Amino acid sequence: MNAKRPVSAAPALETPAPTASQTYSYSNLQYSESDSTALAEEVALAIAYNGISQAVMLITPTDLEDFIVGFSLGSGIIEDASEIYDLQLSGSGSAQYAQVTIANRAFWNLKQQRRQLAGTSGCGLCGVEAVEQALPDLKVLPGAPLPPAEWLDGLRHRISAFQPLGQHSGAVHAAVFMNGQGELLLGREDIGRHNALDKLIGGLIRQKIPTSGGLAIVTSRCSLELIQKVLRAGIQTLVSLSSPTGLAVQWARRHNLNLIHLPQKNAPRVYSPALENQA
């Protein structure tokens with residue numbers, strides 16, 4: 001692999017990944033009628049850093065480069081995208097592989113983390129190996145004004161333009177970015193809600209889109225893991241189309257993250273900052 005290759009460079013695939021959706025036939029329960037429909041696809045993506053296997057993710061086979069960058073940052077493996085020197089994808093069919101070369105400092109920290117966790121029992125929280133991984137010490141954001149209410153008017157309908165796969169086959173989550181002028185700029189989709197947000201963050205980084213004053217929008221339920229990814233990306237406002245968990249709200253308030261739930265029929269609900277902290 002080439003040293004210090006920019007993360008914006010598109011890596012070459014040995015063989016093309018499967019398409020995001022394919023058509024499958026089906027029949028009704030009595031086998032009296034049959035038809036076909038498009039279904040979202042998923043592949044297993046094995047990720048290795050500096051030759052050491054780290055994770056295997058089930059993922060929609062689109063925007064994989066964006067996902068790798070966003071996953072690396074959102075999982076705390078790197079602190080900045082400049083720490084990724086090279087990114088190579090390979091594989092065929094439902095088995096895909098990512099070889100990622102990262103800076104020595106990031107790789108040393110990753111090895112230290114793995115060494116410290118060796119021998120600990122699993123806590124059962126989202127696949128992490130210890131409670132310390134699930135509840136990391138993250139930096140508090142400087143804080144930002146809440147977005148104008150009109151930015152959220154008709155948002156559920158407007159983001160449909162960034163959900164082509166969802167409109168075509170269903171079964172996927174979406175994450176969308178709105179800039180500091182209230183314009184929807186970028187969207188990513190995936191069968192995994194975490195993956196969709198990772199892809200969005202990676203896409204913002206690779207396309208060098210400024211996040212200052214902007215907000216991330218997620219169509220899925222908002223739990224702690226999504227809060228942590230947004231915090232690590234430095235995005236100051238998160239809008240969720242589904243309710244947040246109590247722990248997500250606690251972390252948002254503690255870290256100065258604006259957290260807004262956009263119900264389907266009611267007015268937007270601001271959970272963070274807390275009401276007593278709002279001007």
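The values are calculated or read from the model by the stated rules, or taken from the named source; none is laboratory data. All of these numbers come straight from a predicted model, not from anything done at the bench. So basically every Cβ, Gly included, is an ideal-geometry build from the backbone, and we count neighbours across all protein chains shown. Surface accessibility is based on the protein's heavy atoms, side chains included, excluding ligands, DNA and RNA. Shrake-Rupley method; radii C 1.70, N 1.55, O 1.52, S 1.80 Å.
Could you list all residues from the range 235-279 that are surrounded by 22 or more Cβ atoms within 10 Å (Cβ to Cβ) and part of a loop (DSSP other than H, G, I, E, B)?
Those that are surrounded by 22 or more Cβ atoms within 10 Å (Cβ to Cβ) and part of a loop (DSSP other than H, G, I, E, B): Ile235, Gln236, Leu257.
Pick from Gly234, Gly202, Gly213: which is touching a Pro at 6+ places or on another chain (Cβ under 9 Å), touching a residue at least 12 places away in the same chain (Cβ under 8 Å) and under 21 Å from Gly182 (Cα atoms)?
That would be Gly213, the only listed residue that is touching a Pro at 6+ places or on another chain (Cβ under 9 Å), touching a residue at least 12 places away in the same chain (Cβ under 8 Å) and under 21 Å from Gly182 (Cα atoms).
Check the range 165-177 and report whether any residue there is touching a Pro at 6+ places or on another chain (Cβ under 8 Å) and within 29 Å of Tyr24 (Cα to Cα).
For the range 165-177, residues touching a Pro at 6+ places or on another chain (Cβ under 8 Å) and within 29 Å of Tyr24 (Cα to Cα): absent.
Filter the range 162-188 down to the residues that are outside any helix (DSSP H, G or I), modelled with pLDDT of 90 or more and open to solvent by 20 Å² or more (accessible area, probe 1.4 Å) and list them by number.
Within the range 162-188, Gln163, Val172, His173, Gly180, Gln181, Glu183, Leu184, Leu185, Arg188 qualify.
Any idea how many residues of the range 38-66 are among the hydrophobic types (A, V, I, L, M, F, W, C), within 13 Å of the chain's Cα centre (by Cα) and open to solvent by less than 40 Å² (accessible area, probe 1.4 Å)?
2
Can you tell me which residue is surrounded by the most Cβ atoms within 10 Å (Cβ to Cβ) among those in the range 122-141 that are at pLDDT below 95 and closer than 20 Å to Pro273 by Cβ?
Filtering the range 122-141 down to residues at pLDDT below 95 leaves 122-139.
With the extra rule that they be closer than 20 Å to Pro273 by Cβ, the set shrinks to 138-139.
Numbers: Leu138: 15, Lys139: 10.
The selected residue is Leu138.
Checking Glu225 against (1) open to solvent by 30 Å² or more (accessible area, probe 1.4 Å); (2) out of contact with any His (no Cβ under 7 Å at 6 or more places or on another chain); (3) closer than 19 Å to Glu79 by Cβ; (4) of a type outside the set (A, V, I, L, M, F, W, C), only one condition comes out false. Which one?
Condition not satisfied by Glu225: (2).
Go through (1) touching a residue at least 40 places away in the same chain (Cβ under 8 Å); (2) within 15 Å of the chain's Cα centre (by Cα) one by one and return the number of the condition Ser223 breaks.
All conditions pass for Ser223, except number (1).
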